[in-house]
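One structure is given here, and the rest of the page talks about it.
The values are calculated or read from the model by the stated rules, or taken from the named source; none is laboratory data. Fair warning: this is a prediction, and the values are worked out from it, not measured in the lab. Ideal geometry is used to build each Cβ from the backbone, glycine not excepted, and the neighbour counts take in all protein chains shown. The accessibility values were calculated without ligands, DNA or RNA, using every heavy atom of the protein model including side chains. Shrake-Rupley method; radii C 1.70, N 1.55, O 1.52, S 1.80 Å.
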Amino acid sequence: MDIDVRTLNSLGFGAIREALAARCRTPMGVERASSRSFLDGAEAIAASMSLIEEARALHAEPLKLPLGAVADIRPLLDRALKGGLLDPRELLSVNNVLFAFERARATLEERRARLPAMAELGNRLPDLEKLATRLERAIEPSGELSDRASPALKEARDRAKGLHRSIQTRLDRMLEDESFSQHLRESYVSLRNDRYVIPVLTQSRNQVPGIVHNASQSGQTLFVEPQELIGLGNDLAIAQSEVLEEERKVLLEFTHQLAREASGLKRGVEALAILDEAEGAAFLSDDMGAVVPELQPPTGELRLKGLCHPLLKLRGVTVVGNDVEVRAPSRVMVISGPNAGGKTVTLTGTGLCALMVRAGLPIPVQAGSTLPLFTSVQCAMGDAQDMAAGLSTFSAHVSTLRDICAKTGAGALVLIDEIAADTDPKEGAAIAIAVLEALINTGAQVLVTTHLEELKALAQLDSRFVNARVGFDSKKMAPNYRLQLGAAGASSAIEIARRVGLPEGICQRAGELVANSGSGLAKALAAAEQERQQLYDAKLAAQKELDGVRAERAALAAELEQHRGQRLEQERKFRQALKGELEFARSQIGSLLASLAKEPSRQVLTQAASEVAARIDDQLHAERKLEVGEAIQAEAFQLRAGARAWANSLNTDVELLELDGEEALVAAGALKMRLKVAELSRPRVTKAAPGPTASERMQRAMSQAEEQGANVLTSGSPSVNVRGMRVDEAIGEVEKKLDRALQSGEREVLIVHGHGTGALKQAIREYLERCAYVQGFRAGDRHEGGPGVTVATLR
């Protein structure tokens with residue numbers, strides 16, 4: 001992509017790079033972002049944007065890759081490859097990167113289905129978990145080698161520590177000796193040249209034999225290593241050298257291993273830098289509210305919806321989004337309107353978005369926007385006056401136009417601010433038109449700002465040109481920063497001058513001069529501006545009224561939904577209460593049957609059953625009524641041929657054959673007639689033939705029970721009813737009954753145990769088999785109660 005430094009600086013692409021770098025978290029990511037380059041081809045651009053969108057999806061979880069403590073270890077790897085020795089702190093930096101590799105790869109692998117591009121980059125991160133674990137064990141968080149680095153290192157350090165303790169112990173004894181301490185300046189121990197020394201008075205030099213390692217500046221104190229400690233000091237020096245040698249061996253081993261893995265580590269660092277840059281771009285896109293536009297070929301249509309200037313979005317400025325469209329056959333957009341109205345912002349925003357897309361970055365526009373992949377972007381903005389080169393503002397501007405015309409080809413985007421403005425308006429307009437026509441002929445798309453009336457009028461004569469203007473609020477006497485397509489704008493210079501404080505008398509005089517000498521186009525533009533403002537105000541009023549109607553409709557819908565919810569809640573509570581009532585009725589029936597088993601009285605049974613059945617009838621009636629009401633409300637009634645309806649005058653349902661205005665042809669059986677539509681209503685819900693009421697069902701059950709009970713009670717044999725009892729209770733009752741029957745000379749006893757699961761019957765019969773009172777037993781005959789009864793024959 002052909003982009004010169006002037007264009008990059010004019011459009012502010014460097015600020016985008018800085019903003020991207022500021023959102024990266026690693027030195028490698030910052031380096032990539034600071035030199036973010038332009039990509040070749042739609043495929044590479046689409047891949048870049050897809051990667052950024054995946055990073056945005058990761059942040060939405062919310063989650064970030066673990067890159068906080070990652071440094072650029074590539075220089076360390078280069079030194080290791082050259083035979084250099086890495087110190088513990090440098091190895092600690094490498095270890096942080098290794099663990100970042102591990103955590104990042106695991107995070108992305110878990111989300112491979114949703115983040116395939118990021119997961120693919122995660123596969124480039126080398127798996128050196130074992131090396132990372134060894135480094136973590138060998139190096140303390142403080143950056144020093146641990147005793148765990150190797151057994152030999154631990155042994156050497158332990159030996160050196162033991163010698164330190166021995167020397168310290170001897171020195172403590174010497175300092176406690178009063179005859180010895182009188183020769184000392186003070187009672188303390190220090191180190192000189194890694195040897196333990198004590199401060200000896202100069203005049204006592206001969207009383208403390210040993211090696212003098214240093215003296216005070218005054219010469220009154222000598223730092224002496226006592227003679228008796230020289231041997232231990234030598235041993236300590238040897239032990240310390242062994243420690244250093246073991247440390248060097250450990251560091252050398254790790255350095256050589258990193259050198260062997262250097263190639264894979266560098267690829268991993270590069271992949272980590274790409275991921276970091278992608279996350280930074282995701283943060284940047286979120287901050288701008290950016291989206292991925294639809295990519296077009298270089299000569300395709302430019303259509304940006306709701307364009308906001310990227311740099312203004314990053315500054316937190318409230319930005320008015322504008323639509324920028326250049327569609328065939330148009331190739332040049334001529335933007336006019338008042339100064340400080342946003343013309344240049346539109347120009348630079350469009351150009352900066354074109355650069356960002358070529359760099360693979362989303363842009364702050366609305367979804368559905370399309371942007372060509374321009375082969376080059378050229379711009380002419382600002383005052384290019386060069387005193388050293390002897391160029392005036394106009395000469396410098398024309399020189400820039402010359403360079404642009406020489407470089408521009410098909411698929412280029414050209415942005416020109418205030419074209420040919422600093423010279424005679426007529427000649428400037430002629431130059432501007434000629435330059436724009438030449439650029440069109442090269443196949444470029446052009447956005448240009450101007451105050452020249454000839455350029456504004458060109459769109460009315462040449463379909464290759466399209467007008468756009470930044471609006472001006474005549475009530476507030478200020479720009480509204482809204483870009484309106486298809487219309488030319490007045491410069492409103494006098495209003496702007498008045499707004500910035502030019503004396504009112506001067507402004508009035510300027511207005512008089514314009515009114516007397518203005519061109520027809522200027523007056524037409526002013527009239528069109530006034531008419532457009534009136535239409536815009538009317539549109540705003542209509543939109544406000546429409547919004548009010550929509551809000552009222554939404555409120556009514558919400559109220560209706562609320563009422564519907566309340567009704568459903570009431571029905572739910574009613575059904576819950578009904579269920580409780582029915583359960584209570586069932587429990588009453590159960591209690592009644594249990595009591596009747598003990599006291600079979602027809603009068604008690606009939607009375608209780610009538611009460612319970614009456615309650616069940618009331619509840620079932622209420623439930624049917626509710627269901628019928630729901631059916632009526634749910635059924636949608638619509639008068640149409642073939643439908644059924646209720647004829648009020650006939651008091652019956654009829655079938656609709658034809659509809660003719662306010663009359664309908666209906667059929668009631670074989671009879672056909674015409675009725676007023678007003679006489680027809682929703683068909684009545686067909687009632688099913690009523691079944692027996694609870695009272696009737698209860699009465700029927702009672703009759704059957706009475707017949708069965710009568711057979712049992714009139715059998716002439718004594719009986720015992722043990723239904724519902726536990727086995728031990730039932731056997732106790734049976735034993736008592738058998739004992740009394742035997743005493744009274746009875747021959748048989750009827751044991752009523754019922755059916756149930758059969759467990760109680762089985763237990764009773766097993767008891768009867770071993771009972772001394774019983775000669776035998778059998779199941780009851782039908783008139784005795786059937787299988788629910790066992791008849792025991794006594795001895």
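When Ser376 is tested against (1) farther than 30 Å from Arg56 by Cα; (2) of a type in the set (Gly, Ala, Ser); (3) crowded, with 16+ Cβ neighbours inside 10 Å, only condition (1) is not met.
Put simply, of Gly341, Gly360 the only residue that is more than 31 Å from the chain's Cα centre (by Cα), buried (at least 18 other Cβ atoms within 10 Å of the Cβ) and in a loop (DSSP other than H, G, I, E, B) is Gly341. Checked against the criteria, Cys308 does not count as at pLDDT 95 or above, surrounded by 24 or more Cβ atoms within 10 Å (Cβ to Cβ) and touching a helix residue (DSSP H, G or I) at 6+ places or on another chain (Cβ under 9 Å). Cβ contacts < 6 Å: first residue at pLDDT 90 or above, restricted to segment 163-181; second residue part of a helix (DSSP H, G or I) and open to solvent by 70 Å² or more (accessible area, probe 1.4 Å), any location; separation 6+ or different chain. Result? As it stands, the answer is Leu163/Asp235, since those pairs meet every condition given. Counting only helices (runs of 4 or more DSSP H) that fall entirely inside segment 34-139 and contain at least 1 residues that are under 30 Å from Lys249 (Cα atoms) and over 34 Å from the mean Cα position of the chain (by Cα), the qualifying elements are 74-81, 88-110, 129-138.
The rows are residues; the columns are (1) over 26 Å from Leu265 (Cα atoms); (2) without any contact (Cβ under 8 Å) to a residue 12 or more places away in the chain; (3) surrounded by fewer than 17 Cβ atoms within 10 Å (Cβ to Cβ).
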{"residue": "His59", "(1), (2), (3)": "yes, no, yes"}
{"residue": "Ala69", "(1), (2), (3)": "no, no, yes"}
{"residue": "Leu77", "(1), (2), (3)": "no, no, no"}
{"residue": "Lys82", "(1), (2), (3)": "no, yes, yes"}
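For the condition surrounded by fewer than 18 Cβ atoms within 10 Å (Cβ to Cβ) and part of a strand (DSSP E or B), Asp286 does not qualify. Could you please find all residues in segment 734-762 being over 15 Å from Leu794 (Cβ atoms) and either modelled with pLDDT under 85 or crowded, with 16+ Cβ neighbours inside 10 Å (or both)? Across segment 734-762, the qualifying residues are Val752, His753, Gly754, His755, Gly756, Thr757, Gly758, Ala759, Leu760, Lys761. Against the definition (closer than 22 Å to Leu244 by Cα, charged (D, E, K, R) and open to solvent by 70 Å² or more (accessible area, probe 1.4 Å)), how does Glu176 come out, yes or no? When the stated conditions are applied, Glu176 does not pass them. For segment 315-326, the set of residues classified as out of contact with any Phe, Trp or Tyr (no Cβ under 7 Å at 6 or more places or on another chain) and either open to solvent by less than 10 Å² (accessible area, probe 1.4 Å) or touching a residue at least 60 places away in the same chain (Cβ under 8 Å) (or both) consists of Asn322, Asp323, Val324, Glu325, Val326, listed by residue number.
Applying the criterion of being of a type in the set (Ser, Thr, Tyr) and open to solvent by less than 40 Å² (accessible area, probe 1.4 Å) to the residues of segment 183-208, the residue that is nearest to the chain's Cα centre (by Cα) is Ser190. Quick one: which of Leu222, Leu302, Leu295 is buried (at least 21 other Cβ atoms within 10 Å of the Cβ) and under 30 Å from Ser35 (Cα atoms)? Of Leu222, Leu302, Leu295, the one residue that is buried (at least 21 other Cβ atoms within 10 Å of the Cβ) and under 30 Å from Ser35 (Cα atoms) is Leu302. Ala384 - would you say it is modelled with pLDDT under 90, assigned to a loop (DSSP other than H, G, I, E, B) and surrounded by fewer than 21 Cβ atoms within 10 Å (Cβ to Cβ)? Judged against the criteria, Ala384 is a match. Filter segment 500-518 down to the residues that are surrounded by 12 or more Cβ atoms within 10 Å (Cβ to Cβ) and modelled with pLDDT under 65 and list them by number. Hit for segment 500-518 is Gly518, nothing else.
So Ser50 ticks every box in (1) modelled with pLDDT of 95 or more; (2) under 30 Å from Asp417 (Cβ atoms); (3) of a type in the set (Ser, Thr, Tyr) but one. Which box is left unticked? Among (1) modelled with pLDDT of 95 or more; (2) under 30 Å from Asp417 (Cβ atoms); (3) of a type in the set (Ser, Thr, Tyr), Ser50 violates only (2).
Kindly indicate whether any position in segment 186-204 is under 30 Å from Gly84 (Cα atoms) and assigned to a loop (DSSP other than H, G, I, E, B). Yes. Is it true that Arg575 is open to solvent by 100 Å² or more (accessible area, probe 1.4 Å), more than 30 Å from Ala488 (Cβ to Cβ) and at pLDDT below 80? Criteria not met by Arg575.
The set of residues from segment 778-795 being farther than 17 Å from Gly745 by Cα and of a type outside the set (S, T, N, Q) comprises Arg778, Ala779, Gly780, Asp781, Arg782, His783, Glu784, Gly785, Gly786, Pro787, Gly788, Val789.
Scanning segment 1-26 for residues being open to solvent by less than 40 Å² (accessible area, probe 1.4 Å), touching a strand residue (DSSP E or B) at 6+ places or on another chain (Cβ under 7 Å) and part of a loop (DSSP other than H, G, I, E, B) gives a total of 1.
Take the conditions (1) part of a loop (DSSP other than H, G, I, E, B); (2) surrounded by 12 or more Cβ atoms within 10 Å (Cβ to Cβ); (3) at pLDDT 75 or above; Gly489 misses just one of them, which is (3).
In the condition set (1) open to solvent by less than 40 Å² (accessible area, probe 1.4 Å); (2) under 27 Å from Glu176 (Cβ atoms); (3) in a helix (DSSP H, G or I); (4) of a type outside the set (Lys, Arg), Leu251 is compliant with all but (2). I'd like the residue in segment 147-169 that is surrounded by fewer than 17 Cβ atoms within 10 Å (Cβ to Cβ) and hydroxyl-bearing (Ser, Thr, Tyr) and, out of all such residues, is nearest to Arg248 (Cα to Cα). That would be Ser166. Given the residues Ile238, Ile211, which is the only one that is among the aliphatic types (A, V, I, L, M), assigned to a helix (DSSP H, G or I) and open to solvent by 60 Å² or more (accessible area, probe 1.4 Å)? Within the list Ile238, Ile211, the selection yields Ile238. Restricting the first residue to segment 772-795 and requiring it to be without any contact (Cβ under 8 Å) to a residue 60 or more places away in the chain, which pairs with a second residue that is of a type in the set (Phe, Trp, Tyr) meet a Cβ separation below 9 Å and a spacing of at least six or different chains? Hits for this filter: Val774/Tyr767; Thr790/Phe777; Ala792/Tyr773; Ala792/Phe777; Thr793/Phe777; Leu794/Tyr773; Arg795/Tyr773. Among all residues of segment 545-552, there is none that is surrounded by 12 or more Cβ atoms within 10 Å (Cβ to Cβ), at negative phi, in a helix (DSSP H, G or I) and modelled with pLDDT of 65 or more. Within the bounds of segment 712-731, is there any residue that is modelled with pLDDT under 90, assigned to a helix (DSSP H, G or I) and touching a Gly at 6+ places or on another chain (Cβ under 7 Å)? Checked segment 712-731: at least one residue is modelled with pLDDT under 90, assigned to a helix (DSSP H, G or I) and touching a Gly at 6+ places or on another chain (Cβ under 7 Å).
Can you confirm whether Gly68 is of a type outside the set (Lys, Arg) and touching a helix residue (DSSP H, G or I) at 6+ places or on another chain (Cβ under 9 Å)? Criteria met by Gly68. Out of all the residues in segment 225-235, which are touching a residue at least 12 places away in the same chain (Cβ under 8 Å) and exposed (fewer than 13 other Cβ atoms within 10 Å of the Cβ)? Gln227, Glu228 - these are the residues of segment 225-235 that are touching a residue at least 12 places away in the same chain (Cβ under 8 Å) and exposed (fewer than 13 other Cβ atoms within 10 Å of the Cβ).
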